[in-house]
1. With 20 Å as the cut-off, how large is the P(r) tail for segment 64-124, expressed as percent of Cα-Cα pairs?
2. Taking the Cβ of Met36 as the centre, find all other residues whose Cβ is under 14 Å away and add up their charges (Lys, Arg: +1; Asp, Glu: -1).
3. For the chain, what does the helix formula give at 222 nm: sum of -39500 (n - 2.57) over DSSP H segments with n ≥ 4, over the residue count, nearest 500 deg cm²/dmol?
4. Under a 10 Å cutoff between Cα atoms, tell me which one of Ala211, Ala53, Ala175 has the largest fluctuation in the Gaussian network model of the chain.
5. Kindly express, to the nearest 10 degrees and within the range 0 to 90, the angle between helix 94-103's C-alpha long axis and the longest C-alpha principal axis of the chain.
6. Can you figure out the FRET efficiency of Arg195 with Leu219, using R₀ = 22 Å and their beta-carbon distance, to the nearest 0.05?
7. Between segment 122-172 and segment 1-35, how many Å separate their Cα centres?
8. Calculate how steeply helix 178-200 sits against the longest principal axis of the alpha-carbon atoms of the chain, using the helix alpha-carbon long axis, and give the answer as 0 to 90 degrees to the nearest 10.
Amino acid sequence: MYVIKDMPAQIPQADLELLSQVETATVGHWRLFGFMDRAIQPLLPGRRVVGTAVTLAIAGADSTLLHHATGLLRPGDILVVDRLGDDKYACWGGGVTVAAKAAGAVAGIVDGPCTDLTEIQESDFPMWCRGLSPITTRLYDLGGGMNTPISCGGAVVMPGDAILADESGVLVIPANEVHAISEEALRRQATSRTREASIREGEKLGAVTGASAKVLAKLAS
C-alpha cells in the first residue's frame, strides 16, 4: 500500500539564507533534540546544505517509491528517507542521485547505507547516510509512505521541516522555529569568534570561558 500526501510548503528563502550561515555544532551547544544519530555521516566532505524536508518511508529491499518520489522533488528540497530499521540494502545509488539532482533537490539523507560512491561524488551531490553497501534494493512494489511523519536517525522529521546538514551532522528544525534558532546561533558564533581572537592574542581559554574560575573556586573550598 502506498500513502502519498501533498508536497509540503517550502521554507521561505530568507529563513534558509539565514540558516545556511549556521553550524549544527553551534545549535548543539544549547539544543538537545532534533539531531540525527551521529552515525549518519556525509559522503562529500566540507558541505553545508539547507532545505525543505520531503519525507519518505520505504522498507527492506524495495525502492519503488523512491524512484517515483524523485520525479516529484522541487528545487530546494532535501529528500529524507526512513528505511524502517533496514541497514542491509542500499536504496540510494548513482541513478537516484542523478534523478534527484536533475529535479533540483539540494541533498539526500538516508537512514541506512548508500552505494555508488564514485557516481555520487562525480555528481557533486551532497549525501548523508550510514555508510556504504554493495547490496542494493529492487522494484518489488511493496508500498511505502511519502510526506508522512518519519523517523530518521532517531529524529522525528515532519514534511516541511527545515534541514541543516554539515560535516558534523544533521539537524531537523520545525519551520516556525528556523528564524529564532538561526538568530541565536549566529549570535553565539559571533561571540565565539570574539573569544577565539582574544585567545590568539594571549588570553587563556579557561579565563575567557570562566572554567578556570570554577576550578579554582573548588580547589579553595
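1. Summing the P(r) of segment 64-124 above 20 Å gives 18 percent of all pairs.
2. Charge balance near Met36 sits at -2.
3. -9500 deg cm²/dmol
4. Ala211
5. 80 degrees
6. That pair, Arg195 with Leu219, gives E of 0.40.
7. Value for the Cα centre distance between the two parts: 13 Å.
8. 40 degrees
Bear in mind these aren't lab numbers, they're just calculated from the coordinates by the rules spelled out. Fair warning: this is a prediction, and the values are worked out from it, not measured in the lab. When we count neighbours, we look across all protein chains shown, and the Cβ atoms used for this are built from the backbone with ideal geometry, even at glycine.
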